Each structure stands twice: as C-alpha cells, then as structure tokens.
Amino acid sequence: MKVLVTGGAGYIGSHACKTLAAAGHEPVAYDDLSHGHRWAVKWGPLEVGDTVDEARLAEVMARHRPDAVMHFAALTSVAESIAHPARYYEVNTVGSICLLRAMQGAGVNRIVFSSTAAVYGVPASTPIVEEAEPAPINPYGRSKQMVERILADTAAAIGLRATALRYFNAAGADPAGELGEAHDPETHLVPLVLEAARTGSTVTVFGHDYPTPDGTCVRDYIHVTDLARAHVLALEALGGAGALATYNLGTGAGLSVRSIIALAADVTGREIAVTTGPRRPGDPPVLVADPAKARAELGWTPVHSSAREIVETAWAWMGLRQAEAAGASTQPS
C-alpha cells in the first residue's frame, strides 16, 4: 500500500515510515516541520503541510493517491495543553477533522490513528483494558478522545475502516541508529535523564508523594520501534467498515521515574543529579497497559521494550547526534 503518514518527519512517525518501507509499503510523509525534521524522512517523499490546511491535504492526496493514512501529527505535551488548550484542540482535533474530510474527498477509506493512554485519565484499576471508561484529565487527552469519538461516528456514518492505537510512554531509538528523539525543547523523561547524565546537569522529578512504591509516577515504557511495528500490523489488519477498533500498546509493566533514573545511571556509568519539584497538573499516578488484545488480535508482542534496551538505544542515539554535531562544527566553512 501507499500510505500517507501525517507527522512522518517526527519521532514516532519517522520510525513508522521506516517500518512501513521494510514491510513493502510506500510511505509519504506529510509534516509541517514545526517539530519534525527533514533528515528523518529517508524512506519516501516529504510533503510539507499542516493538517488544518484541508486544501493542501487534498492536493497531496490527489498527487499521491494513497491507499491509507497513518495519523501521527499532533501536539503532545500535557503541561502545554493545560496552558494552551485551544491550540491543542485546533491542532489535534480540528486537524483530524480536516484530514478526514480530505480523505473522504479522495476516496481514502483506511486510517490508523495515533491515540494515547491519556484518554483514560486516572484509571480505576490497573493494568488498563480497552473497555475502561475514558476519563481524560487534561486537554491533550481530551483532544485525542474527541478524535476517537469522531472516528467512531465517521466509521458508522460512511463505512470508514479505522483503528486507534492507545499507547503509553514511547521511548528509545532505532536500534540501527538511523532515528531517535530530537525534540526542542525536550519534555520526555528518558532523553532528559540521559542529557543530565551527559552534561552533568540536574533532572527534576515532579512529585515525590504519589501513591506508588517510591512516591514517583509509574509509567509503561514502550520502545518506539515496537510502536512502529504495531502500526503496520494494525494497518494490515484493518477490519470491516463501520466501527472503530482500539488497542493498548504497552508492555504491561510499570516503571517509576526514580527507577528510570537509576537505570540510566547504570547504563551510562555516570551519576545523575536529581532535584524534586511539585506535582505537575494533569499527571496520573500510574498508567500501565493491559496489551492482551493487541497480542491476540494483531499478533503484536514488544521485542525491544525491556527498560535496559530502551535506555541503551536512546543513549547510543544521543552519542551519535553529539558526534555528528561535533563533526559538522569542524568542517571548513
């Protein structure tokens, strides 16, 4: 299939493009490059555009005639969503509506949507199953839940074939060293901790009194390469029209913030300075997936998602980026 990948120059989207190409599909990255990078687009063409630009989407679809869409393009910071909620609803929710209209106009009937565990809010029990009632506690989670609802209603109305993948904490880097996280500013725990190890700076732990074994938030970390493979499996397994399928993507095991810091210190062989800050609004104490449905229906099992491999691949990627930057700075002008 030819697949339009919105956000295809971003962290997870670029890994998905690589995995699509390896599976024999043709990815077309669609990205406004506000957070993505041209250098991350290596397995197909790049079309620059915004998902709220319906005319541009229609133009790109007419040119490439995709068979399906993978929709990653979104804003993803919980804290930022609380400070700027309208921006999150515009990009995440309105952008998805524009995409769906462009798809309908182009006759494209398949979509795999990048959703999030944030739709669950503070779950009543863990591990979380897909049947748990969504109750997001921040605008980011609400914006994604709205898209899920829109997808379900659209599927019922026009026979759209749609799957939403609710994944937990994406982390790690391509084991081959071709891709990795490069956010500016960085907000994800693993690269922040590794940067503190590299530079000797201090990492802040937000909250120390959660109802968890060590008082810090517990999350289910999933390797980005495993996430990418799940998207391809979901694309190839898109079911019948008329309903939205949802799957959790996680390992089923939770790790606390302090355990990630301790593991990073072990992997890097460096001490990591830590300071404690207040809890951040919108942070649930524990988010851990029950991934049984994805295993049973998609045949998906994480293979790179041990905590050590996640941290080791992220550390190797950081080293490669630093070496490239050093090499570029020594080139003659």
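Evaluated with a Cβ-only charge set (Lys, Arg +1; Asp, Glu -1), the range 1-156 carries a dipole of roughly 340 debye about its Cα centre, given to the nearest 20. The angle separating the long axis of helix 54-64 from the principal Cα axis of greatest extent in the chain is about 80 degrees.
Give me D for the range 145-263 in µm² s⁻¹, whole number, from Stokes-Einstein with Rh from the Kirkwood sum over alpha-carbon pairs, 37 °C and 0.692 mPa s. Display every interim value, and only then the final one.
Working: Rh = 16.8 Å.
After rounding, the answer is 196 µm²/s.
Counting only alpha carbon atoms, the long axis of helix 189-199 and the longest principal axis of the chain meet at about 40°. Rounded to whole Å, give me the distance from the Cα center of the range 212-235 to that of the range 257-333. Taking the Cα centre of each part, the range 212-235 and the range 257-333 sit 11 Å apart. From its DSSP helices (H runs of at least four residues, each -39,500 (n - 2.57)), the chain gives a residue-normalised ellipticity at 222 nm of -12000 deg cm²/dmol. When a/c is below 1.5 the answer is rounded, else prolate if a/b is larger than b/c, else oblate, so apply that to the range 182-333 with a ≥ b ≥ c taken from the square roots of the Cα gyration tensor eigenvalues. Oblate is the answer for the range 182-333, as a/c is 1.5 or above yet b/c matches or exceeds a/b.
Note down the magnitude of the dipole of the chain about its Cα centre, charges +1 on Lys and Arg C-beta and -1 on Asp and Glu C-beta and zero elsewhere, to the nearest 20 debye.
Numbers: 26 positive and 35 negative charges, 60 e Å.
Dipole about the Cα centre, nearest 20: 280 debye.
Leaving out ligands, DNA and RNA, what percent of the accessible area of the chain is carbon and sulfur, probe 1.4 Å? After summing per-atom areas, the C and S share lands at 53 percent. The long axis of helix 257-268 is offset from the longest Cα principal axis of the chain by roughly 70 degrees.
Would you mind classifying the chain by shape? Square roots of the alpha carbon gyration tensor eigenvalues, ordered a ≥ b ≥ c; an a/c under 1.5 is rounded, otherwise it is prolate if a/b is larger than b/c and oblate if not. Show your work: numbers first, answer last.
Working: a/c = 1.70, a/b = 1.26, b/c = 1.35.
It comes out oblate by the Cα gyration axes.
Of interest is the spacing of the C-alpha centroids, which for the range 104-141 and the range 148-175 amounts to 7 Å.
Towards the positive end of the charge dipole of the chain, with charges on Cβ (+1 Lys, Arg; -1 Asp, Glu), say which of Val286, Leu249, His231 has the farthest Cα. Of the options given, the answer is His231. Annotation: Cα Rg of the range 116-166 relative to the compact-globule expectation 2.2 N^0.38 Å equals 1.19.
Only one residue of Ser81, Pro185, Ala156 has its Cα farthest out toward the positive end of the dipole of the chain, where Lys and Arg carry +1 and Asp and Glu -1 on Cβ, and that residue is Ala156. Within a straight-line Cα-Cα reach of under 15 Å, Lys42 can be paired with the following aspartates and glutamates, leaving aside sequence neighbours fewer than 8 residues apart in one chain: Glu26, Asp31, Asp174, Glu178. In terms of its alpha-carbon gyration tensor, the range 80-182 comes out rounded; the largest-to-smallest axis ratio a/c stays below the 1.5 threshold.
Only Lys, Arg, Asp and Glu carry charge here, each on its Cβ (+1 for the first two, -1 for the last two); on that basis the range 130-231 has a dipole of about 260 debye about its Cα centre. Here Lys144 is the anchor, and the lysines within straight C-alpha reach of less than 26 Å, apart from those fewer than 8 places off in the same chain, are Lys2, Lys18, Lys293.
The values are calculated or read from the model by the stated rules, or taken from the named source; none is laboratory data. These figures come from a predicted structure and were not determined experimentally. Note that each Cβ is placed from the backbone with ideal geometry, even for glycine, and that neighbours are counted across all protein chains shown. Surface accessibility is based on the protein's heavy atoms, side chains included, excluding ligands, DNA and RNA. Shrake-Rupley method; radii C 1.70, N 1.55, O 1.52, S 1.80 Å.
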